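Engineer: First the structure, which I've put down as structure tokens, then a few questions once you've had a look.
The values are calculated or read from the model by the stated rules, or taken from the named source; none is laboratory data. Values in this document were obtained by computation on a predicted structure and should not be read as measured data. For neighbour counting, all protein chains shown are included, and Cβ atoms are generated from backbone atoms with ideal geometry for every residue, glycine included.
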């Protein structure tokens, strides 16, 4: 019961932070999206030149530093890594491709559903399908091998990078790009965004909150407690939208969304499958990176590079729909993820 209450509380906190960020200026139904915010940060650093999505998002920084701080306080900062880093980097790229075809990570999926976006409700089918496919691989022995204890300095790499990003956000040197139009120009004051994300980083680290974990654990382990986090975020944001008048049920006219339902399903299928192989959703990867896991840090760098690739090569969807390049990229990435899955099925003697 204590564990269930903790995960529900964590979900409510994440939902409340999302409502708060939306109220103070973050884009509608995108108040808290790891994939979108990593993409914006990549743009601000000049890794892509899509002028509408460039801003160093304090939310990414806050999640990492919040997880780092509480891990140190609770003596839970145990750096480890070395578990197929190159494959994790590639999977990170592929997950980002899927997320930007759908236009959101699993957290934004929940926020879009809570806002009445039927496109996201349809896309949920693909997300569940990707997770279930990943479970088939897990049951057959899929593994990216074990990680090993590493030095403290290794584990502090990603927190240090995010401290540097915070400095760049505050100083705003000329070589950093900030959007003047589009979603990148819409953001809560930096200190509110940072404070909210720090809180999310703390609660997500302590409860191991993961938005693929609920479905994966329910099917694989018959453990349903993580599902309560998904439900708690959904219920909290739904009530918030209902109270504030931001609930808009339908397919058309949803903020930063498209109605090509096949590709909404496909994009989230790739996100779900890749996240199972990685051992956690994008939010979980940020938290683990802040907690000293260098494999998750490599995955986050994969997200960053993936976002740059998506926008530099015209793969990203928009409100008008998907692109031909994006559809081709989906096929290529899905094949890559399946190949990684097949070649990492271990026989009992190999584990």
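Engineer: Name the residue that is surrounded by the most Cβ atoms within 10 Å (Cβ to Cβ), counting only residues in region 70-79 that are modelled with pLDDT of 95 or more and either closer than 11 Å to residue 293 by Cα or touching a helix residue (DSSP H, G or I) at 6+ places or on another chain (Cβ under 7 Å) (or both).
Structural biologist: Across region 70-79, the extreme among qualifying residues is 71.
Engineer: A further question follows. Out of the residues in region 162-182 that are without any contact (Cβ under 8 Å) to a residue 12 or more places away in the chain and assigned to a helix (DSSP H, G or I), which is farthest from residue 86 (Cα to Cα)?
Structural biologist: First, the residues of region 162-182 that are without any contact (Cβ under 8 Å) to a residue 12 or more places away in the chain: 164, 167, 171-174.
Next cut, assigned to a helix (DSSP H, G or I) only: 164, 167, 171.
On the way: 164: 24, 167: 29, 171: 33 Å.
Among those residues, the one meeting the criterion is 171.
Engineer: Whether any residue in region 202-213 is assigned to a helix (DSSP H, G or I), at pLDDT below 95, in contact with a helix residue (DSSP H, G or I) (Cβ under 8 Å, 6 or more places away or on another chain) and under 21 Å from residue 10 (Cβ atoms) is what I want to check. Full working, then the answer.
Structural biologist: Keep residues of region 202-213 that are assigned to a helix (DSSP H, G or I), which gives 202-207, 213.
Right, trim to at pLDDT below 95 and you get 213.
The next check asks that each one be in contact with a helix residue (DSSP H, G or I) (Cβ under 8 Å, 6 or more places away or on another chain); those that pass are 213.
Adding the requirement that they be under 21 Å from residue 10 (Cβ atoms) leaves 213.
Yes.
Engineer: For the condition part of a helix (DSSP H, G or I) and touching a residue at least 40 places away in the same chain (Cβ under 8 Å), what is the one hit in 256, 237, 243?
Structural biologist: Numbers: 256 fails: part of a helix (DSSP H, G or I); 243 fails: touching a residue at least 40 places away in the same chain (Cβ under 8 Å).
So the residue among 256, 237, 243 that is part of a helix (DSSP H, G or I) and touching a residue at least 40 places away in the same chain (Cβ under 8 Å) is 237.
Engineer: Looking at region 272-318, which of its residues are out of contact with any strand residue (DSSP E or B) (no Cβ under 8 Å at 6 or more places or on another chain) and assigned to a loop (DSSP other than H, G, I, E, B)?
Structural biologist: Hits for region 272-318 are 279, 280, 281, 291, 313, 314, 315, 316, 317.
Engineer: Please state which one of 92, 116 is touching a residue at least 60 places away in the same chain (Cβ under 8 Å) and over 30 Å from residue 150 (Cα atoms). Lay out the reasoning, then the answer.
Structural biologist: Details: 92 fails: over 30 Å from residue 150 (Cα atoms).
Residue meeting the stated conditions: 116.
Engineer: Could I ask something else about it? Restricting attention to region 156-172, does a residue exist that is touching a strand residue (DSSP E or B) at 6+ places or on another chain (Cβ under 7 Å) and surrounded by fewer than 19 Cβ atoms within 10 Å (Cβ to Cβ)? Working first, answer last.
Structural biologist: Of region 156-172, the ones touching a strand residue (DSSP E or B) at 6+ places or on another chain (Cβ under 7 Å) are none.
No, the conditions are met nowhere in region 156-172.
Engineer: Mind checking which pairs have a first residue in region 326-349 that is closer than 16 Å to residue 102 by Cβ and a second that is outside any helix (DSSP H, G or I), Cβ under 8 Å, 6 or more apart or different chains?
Structural biologist: Final answer for the pair search is 326/314; 326/315; 326/316; 326/317; 329/313; 329/315.
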